[in-house]
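Report on the following structure.
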Amino acid sequence: MASATAGLTEAVLYDALVNYLVSMARTVEGAMNRALDALTSLDSARTSALPGEVFLLEPRINEMEIVIDEHAIRLLRRGSFSDDEMRLIVAALKINNDLERIGDLAVNLAQGAVSLREMLGARIPEELVPMVLAVRAMVSKSLGALIFRNVEMATQVLESDDVVDQYRDRIFENLLATMTQQATLVSSSMQFILATRHLERIADHATNIAEDIIFWVRGLDVRHGRGLTMRPDFSGGQANSGIASETAGESPVAGSPQAAAVIENSHAFDAGVTPACETERA
(Lines give C-alpha, C1' and ligand atoms only; values in the text may rest on other atoms or scores of the structure.)
Protein backbone atom coordinates (compact mmCIF):
# COMPACT_ATOMS: atom_id res chain seq x y z
CA MET A 1 0.00 0.00 0.00
CA ALA A 2 2.85 2.38 0.83
CA SER A 3 4.55 1.76 -2.51
CA ALA A 4 1.28 2.41 -4.35
CA THR A 5 0.91 5.71 -2.53
CA ALA A 6 4.48 6.68 -3.41
CA GLY A 7 3.84 5.82 -7.07
CA LEU A 8 0.69 7.90 -7.07
CA THR A 9 2.56 10.82 -5.55
CA GLU A 10 5.23 10.65 -8.25
CA ALA A 11 2.58 10.54 -10.98
CA VAL A 12 0.86 13.57 -9.49
CA LEU A 13 4.14 15.47 -9.35
CA TYR A 14 4.89 14.86 -13.02
CA ASP A 15 1.30 15.67 -14.05
CA ALA A 16 1.59 18.91 -12.09
CA LEU A 17 4.65 19.88 -14.13
CA VAL A 18 2.70 19.41 -17.36
CA ASN A 19 -0.29 21.31 -15.99
CA TYR A 20 1.96 24.20 -14.98
CA LEU A 21 3.35 24.31 -18.52
CA VAL A 22 -0.10 24.26 -20.10
CA SER A 23 -1.31 27.05 -17.82
CA MET A 24 1.74 29.17 -18.62
CA ALA A 25 1.35 28.47 -22.35
CA ARG A 26 -2.24 29.67 -22.30
CA THR A 27 -1.27 32.83 -20.46
CA VAL A 28 1.57 33.51 -22.91
CA GLU A 29 -0.71 32.89 -25.86
CA GLY A 30 -3.23 35.32 -24.39
CA ALA A 31 -0.57 38.01 -24.07
CA MET A 32 0.65 37.37 -27.61
CA ASN A 33 -2.87 37.51 -29.07
CA ARG A 34 -3.54 40.82 -27.34
CA ALA A 35 -0.32 42.28 -28.74
CA LEU A 36 -1.11 41.02 -32.24
CA ASP A 37 -4.64 42.41 -32.11
CA ALA A 38 -3.26 45.78 -31.06
CA LEU A 39 -0.69 45.69 -33.88
CA THR A 40 -3.13 44.78 -36.67
CA SER A 41 -5.95 47.10 -35.55
CA LEU A 42 -4.16 50.40 -34.98
CA ASP A 43 -7.20 52.53 -35.79
CA SER A 44 -9.63 50.63 -33.60
CA ALA A 45 -10.70 52.09 -30.27
CA ARG A 46 -11.48 48.56 -29.04
CA THR A 47 -7.82 47.53 -29.16
CA SER A 48 -6.33 50.64 -27.58
CA ALA A 49 -6.29 49.10 -24.09
CA LEU A 50 -4.72 45.77 -25.16
CA PRO A 51 -1.06 46.82 -24.82
CA GLY A 52 -1.71 47.69 -21.18
CA GLU A 53 -3.15 44.20 -20.62
CA VAL A 54 0.00 42.69 -22.12
CA PHE A 55 2.19 44.72 -19.77
CA LEU A 56 0.14 43.51 -16.79
CA LEU A 57 0.50 39.88 -17.84
CA GLU A 58 4.31 40.01 -18.04
CA PRO A 59 4.96 39.76 -14.25
CA ARG A 60 2.56 36.82 -14.05
CA ILE A 61 4.40 35.01 -16.85
CA ASN A 62 7.76 35.66 -15.18
CA GLU A 63 6.46 34.27 -11.89
CA MET A 64 5.12 31.17 -13.62
CA GLU A 65 8.53 30.61 -15.20
CA ILE A 66 10.14 30.57 -11.74
CA VAL A 67 7.48 28.21 -10.33
CA ILE A 68 8.00 25.72 -13.17
CA ASP A 69 11.79 25.83 -12.83
CA GLU A 70 11.54 25.24 -9.08
CA HIS A 71 9.13 22.33 -9.54
CA ALA A 72 11.40 20.73 -12.14
CA ILE A 73 14.39 21.10 -9.81
CA ARG A 74 12.43 19.40 -7.01
CA LEU A 75 11.79 16.49 -9.36
CA LEU A 76 15.47 16.30 -10.30
CA ARG A 77 16.41 16.06 -6.63
CA ARG A 78 14.27 12.94 -6.24
CA GLY A 79 16.59 10.98 -8.55
CA SER A 80 15.89 7.56 -10.09
CA PHE A 81 13.93 8.50 -13.19
CA SER A 82 12.48 6.48 -16.02
CA ASP A 83 13.42 7.55 -19.54
CA ASP A 84 10.01 9.18 -20.04
CA GLU A 85 10.31 11.14 -16.80
CA MET A 86 13.78 12.39 -17.59
CA ARG A 87 12.72 13.49 -21.08
CA LEU A 88 9.73 15.31 -19.58
CA ILE A 89 11.88 17.26 -17.12
CA VAL A 90 14.44 18.22 -19.78
CA ALA A 91 11.74 19.24 -22.24
CA ALA A 92 9.80 21.16 -19.59
CA LEU A 93 12.81 23.29 -18.66
CA LYS A 94 13.41 24.17 -22.31
CA ILE A 95 9.74 24.80 -23.13
CA ASN A 96 9.48 27.00 -20.05
CA ASN A 97 12.28 29.21 -21.32
CA ASP A 98 10.77 29.48 -24.82
CA LEU A 99 7.37 30.41 -23.40
CA GLU A 100 8.90 33.18 -21.29
CA ARG A 101 10.68 34.54 -24.35
CA ILE A 102 7.40 34.60 -26.32
CA GLY A 103 5.94 36.61 -23.44
CA ASP A 104 8.82 39.10 -23.70
CA LEU A 105 8.31 39.40 -27.45
CA ALA A 106 4.61 40.04 -26.91
CA VAL A 107 5.61 42.98 -24.70
CA ASN A 108 7.89 44.26 -27.49
CA LEU A 109 5.04 44.00 -30.00
CA ALA A 110 2.69 45.82 -27.62
CA GLN A 111 5.22 48.63 -27.19
CA GLY A 112 5.51 48.87 -30.97
CA ALA A 113 1.74 49.09 -31.31
CA VAL A 114 1.66 51.95 -28.81
CA SER A 115 4.32 53.83 -30.79
CA LEU A 116 2.58 53.22 -34.12
CA ARG A 117 -0.70 54.60 -32.81
CA GLU A 118 1.06 57.92 -32.23
CA MET A 119 2.50 58.08 -35.76
CA LEU A 120 0.47 59.87 -38.42
CA GLY A 121 0.08 57.99 -41.67
CA ALA A 122 1.21 54.61 -40.33
CA ARG A 123 -0.04 51.97 -42.77
CA ILE A 124 -0.06 48.26 -41.99
CA PRO A 125 2.03 46.35 -44.58
CA GLU A 126 -0.06 44.26 -46.94
CA GLU A 127 1.38 40.91 -45.87
CA LEU A 128 1.59 41.60 -42.14
CA VAL A 129 -1.89 40.22 -41.44
CA PRO A 130 -1.26 36.82 -43.10
CA MET A 131 2.09 36.65 -41.30
CA VAL A 132 0.32 37.28 -38.00
CA LEU A 133 -2.20 34.54 -38.81
CA ALA A 134 0.62 32.09 -39.58
CA VAL A 135 2.35 32.88 -36.28
CA ARG A 136 -0.92 32.52 -34.34
CA ALA A 137 -1.47 29.11 -35.91
CA MET A 138 2.05 27.94 -35.02
CA VAL A 139 1.70 28.94 -31.38
CA SER A 140 -1.79 27.41 -31.10
CA LYS A 141 -0.62 24.15 -32.67
CA SER A 142 2.39 23.96 -30.37
CA LEU A 143 0.04 24.41 -27.42
CA GLY A 144 -2.29 21.76 -28.83
CA ALA A 145 0.66 19.40 -29.19
CA LEU A 146 1.55 20.04 -25.55
CA ILE A 147 -1.99 19.41 -24.31
CA PHE A 148 -2.52 16.24 -26.35
CA ARG A 149 1.15 15.10 -26.40
CA ASN A 150 0.62 14.79 -30.13
CA VAL A 151 3.59 14.45 -32.45
CA GLU A 152 1.67 15.14 -35.65
CA MET A 153 0.57 18.58 -34.49
CA ALA A 154 4.12 19.34 -33.39
CA THR A 155 5.43 18.32 -36.80
CA GLN A 156 2.98 20.68 -38.50
CA VAL A 157 4.56 23.52 -36.54
CA LEU A 158 8.02 22.62 -37.84
CA GLU A 159 6.73 22.61 -41.40
CA SER A 160 5.30 26.16 -41.03
CA ASP A 161 8.47 27.95 -39.96
CA ASP A 162 9.72 28.66 -43.49
CA VAL A 163 6.43 30.35 -44.39
CA VAL A 164 6.88 32.92 -41.62
CA ASP A 165 10.45 33.59 -42.75
CA GLN A 166 9.24 34.24 -46.29
CA TYR A 167 6.66 36.75 -45.07
CA ARG A 168 9.34 38.54 -43.04
CA ASP A 169 11.63 38.85 -46.06
CA ARG A 170 8.91 40.11 -48.39
CA ILE A 171 7.62 42.67 -45.90
CA PHE A 172 11.15 43.94 -45.31
CA GLU A 173 11.76 44.37 -49.04
CA ASN A 174 8.47 46.23 -49.53
CA LEU A 175 9.06 48.51 -46.54
CA LEU A 176 12.60 49.25 -47.68
CA ALA A 177 11.25 50.39 -51.03
CA THR A 178 8.63 52.51 -49.28
CA MET A 179 11.23 54.23 -47.08
CA THR A 180 13.36 55.19 -50.08
CA GLN A 181 10.36 56.81 -51.76
CA GLN A 182 8.58 58.42 -48.77
CA ALA A 183 10.81 59.78 -46.04
CA THR A 184 7.79 60.58 -43.84
CA LEU A 185 7.09 56.85 -43.44
CA VAL A 186 10.58 55.88 -42.26
CA SER A 187 9.68 55.82 -38.56
CA SER A 188 6.53 53.72 -38.95
CA SER A 189 8.25 51.41 -41.46
CA MET A 190 11.07 50.78 -38.99
CA GLN A 191 8.52 49.88 -36.31
CA PHE A 192 6.87 47.38 -38.67
CA ILE A 193 10.25 45.89 -39.57
CA LEU A 194 10.95 45.38 -35.86
CA ALA A 195 7.49 43.83 -35.47
CA THR A 196 8.17 41.29 -38.23
CA ARG A 197 11.45 40.43 -36.51
CA HIS A 198 9.57 39.82 -33.25
CA LEU A 199 6.99 37.70 -35.08
CA GLU A 200 9.73 35.63 -36.69
CA ARG A 201 11.32 35.05 -33.28
CA ILE A 202 7.96 33.95 -31.83
CA ALA A 203 7.70 31.44 -34.68
CA ASP A 204 11.22 30.21 -33.86
CA HIS A 205 10.27 29.69 -30.20
CA ALA A 206 7.08 27.85 -31.24
CA THR A 207 9.29 25.62 -33.40
CA ASN A 208 11.60 24.97 -30.45
CA ILE A 209 8.60 23.99 -28.32
CA ALA A 210 7.38 21.60 -31.00
CA GLU A 211 10.82 19.99 -31.22
CA ASP A 212 10.92 19.55 -27.45
CA ILE A 213 7.47 17.94 -27.46
CA ILE A 214 8.62 15.43 -30.07
CA PHE A 215 11.67 14.69 -27.92
CA TRP A 216 9.49 14.25 -24.83
CA VAL A 217 6.86 12.01 -26.47
CA ARG A 218 9.02 10.00 -28.87
CA GLY A 219 12.58 10.43 -27.61
CA LEU A 220 13.69 11.80 -31.00
CA ASP A 221 15.96 14.80 -31.49
CA VAL A 222 14.62 16.58 -34.59
CA ARG A 223 16.46 19.86 -34.18
CA HIS A 224 17.94 21.33 -37.37
CA GLY A 225 15.78 19.02 -39.48
CA ARG A 226 17.17 15.78 -38.07
CA GLY A 227 14.84 12.79 -38.23
CA LEU A 228 12.07 14.55 -40.16
CA THR A 229 10.96 12.75 -43.31
CA MET A 230 7.91 13.11 -45.48
CA ARG A 231 6.22 10.07 -46.93
CA PRO A 232 4.66 10.46 -50.41
CA ASP A 233 1.03 9.84 -49.50
CA PHE A 234 -1.45 12.67 -49.20
CA SER A 235 -4.56 12.99 -47.14
CA GLY A 236 -6.83 15.91 -47.77
CA GLY A 237 -4.20 17.55 -49.95
CA GLN A 238 -1.43 17.58 -47.35
CA ALA A 239 1.50 15.27 -46.92
CA ASN A 240 1.70 13.28 -43.72
CA SER A 241 4.83 13.38 -41.66
CA GLY A 242 6.81 10.17 -41.40
CA ILE A 243 7.56 10.89 -37.77
CA ALA A 244 3.86 11.22 -37.02
CA SER A 245 2.99 8.07 -38.95
CA GLU A 246 5.27 6.05 -36.71
CA THR A 247 3.57 7.22 -33.53
CA ALA A 248 2.37 4.26 -31.54
CA GLY A 249 -0.04 4.27 -28.68
CA GLU A 250 -1.13 7.88 -29.17
CA SER A 251 -4.74 8.86 -29.56
CA PRO A 252 -5.62 10.00 -33.09
CA VAL A 253 -6.67 13.40 -31.84
CA ALA A 254 -4.97 15.60 -34.41
CA GLY A 255 -8.06 15.62 -36.60
CA SER A 256 -10.59 15.54 -33.79
CA PRO A 257 -12.97 18.40 -32.96
CA GLN A 258 -11.10 18.95 -29.68
CA ALA A 259 -7.77 19.38 -31.46
CA ALA A 260 -9.35 21.66 -34.03
CA ALA A 261 -10.68 23.80 -31.20
CA VAL A 262 -7.17 24.14 -29.79
CA ILE A 263 -5.79 25.24 -33.14
CA GLU A 264 -8.61 27.73 -33.66
CA ASN A 265 -8.62 29.09 -30.13
CA SER A 266 -6.87 27.23 -27.36
CA HIS A 267 -8.57 29.34 -24.68
CA ALA A 268 -11.74 27.33 -25.26
CA PHE A 269 -10.27 24.60 -23.06
CA ASP A 270 -9.97 26.80 -20.00
CA ALA A 271 -11.35 30.28 -20.47
CA GLY A 272 -10.75 31.05 -16.82
CA VAL A 273 -6.96 30.83 -17.11
CA THR A 274 -6.53 33.64 -19.61
CA PRO A 275 -9.68 35.31 -20.93
CA ALA A 276 -9.88 35.34 -24.69
CA CYS A 277 -9.54 38.66 -26.50
CA GLU A 278 -12.78 39.75 -28.08
CA THR A 279 -11.30 42.27 -30.45
CA GLU A 280 -11.63 43.08 -34.08
CA ARG A 281 -9.81 40.64 -36.31
CA ALA A 282 -8.29 41.89 -39.52
Query raised in the report: Regarding S3, is this residue at pLDDT 95 or above and either farther than 21 Å from V129 by Cβ or surrounded by 20 or more Cβ atoms within 10 Å (Cβ to Cβ) (or both)?
Result: no
Query raised in the report: Going by the conditions given, is L76 surrounded by fewer than 16 Cβ atoms within 10 Å (Cβ to Cβ) and closer than 13 Å to L13 by Cα?
Result: yes
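Identify all residues within the stretch 172-187 that are under 10 Å from P125 (Cβ atoms) and either among the acidic types (D, E) or touching a Leu at 6+ places or on another chain (Cβ under 6 Å) (or both); write none if there are none.
To start, the set of residues in the stretch 172-187 that are under 10 Å from P125 (Cβ atoms) comprises 172, 174-175, 178.
Hit for the stretch 172-187 is T178, nothing else.
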Query - Matching entry among N265, N240 (being open to solvent by less than 40 Å² (accessible area, probe 1.4 Å) and modelled with pLDDT under 50) - result: N240
Query raised in the report: Out of the stretch 114-164, which residues are within 17 Å of A38 (Cα to Cα) and of a type in the set (G, A, S)?
Result: S115, G121, A122, A134
Query raised in the report: So which pairs qualify, if the first residue must be in the stretch 110-128 and at positive phi, the second must be exposed (fewer than 15 other Cβ atoms within 10 Å of the Cβ) and at pLDDT below 90, the Cβ gap must be under 7 Å, and the two must be at least 6 apart or on different chains?
Result: G121/T184
Query raised in the report: If you take the residues in the stretch 129-170 that are hydroxyl-bearing (S, T, Y), touching a residue at least 60 places away in the same chain (Cβ under 8 Å) and closer than 24 Å to A31 by Cβ, which one is surrounded by the most Cβ atoms within 10 Å (Cβ to Cβ)?
Result: S142
Query raised in the report: Do we find that L13 is at pLDDT below 95, part of a helix (DSSP H, G or I) and not small (G, A, S) in this structure?
Result: yes
**Report entry** All positions within the stretch 23-64 that are at pLDDT below 95, out of contact with any helix residue (DSSP H, G or I) (no Cβ under 6 Å at 6 or more places or on another chain) and assigned to a helix (DSSP H, G or I)
**Finding:** A45, R46
Requested in this report: With the condition kept exactly as written, say whether any residue in the stretch 101-113 is part of a helix (DSSP H, G or I), closer than 30 Å to Q182 by Cα and open to solvent by 40 Å² or more (accessible area, probe 1.4 Å).
Outcome: yes
Report task. Would you please list the contacts, defined by Cβ atoms under 9 Å and residues six or more apart or on different chains, that run from a residue in the stretch 198-227 that is at positive phi to a residue that is among the hydrophobic types (A, V, I, L, M, F, W, C)? Result -> G225/L158; G227/I214; G227/L220; G227/I243
Report task. Answer yes or no as to whether E173 is farther than 30 Å from E118 by Cα and open to solvent by 10 Å² or more (accessible area, probe 1.4 Å). Result -> no
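The values are calculated or read from the model by the stated rules, or taken from the named source; none is laboratory data. Please read all numbers here as calculations on a predicted model, not as lab measurements. A quick note on method: Cβ atoms are made from the backbone with ideal geometry, for glycine too, and the neighbour counts reach across all protein chains shown. Ligands, DNA and RNA are excluded from the accessible area calculation, which covers all protein heavy atoms including side chains. Shrake-Rupley method; radii C 1.70, N 1.55, O 1.52, S 1.80 Å.
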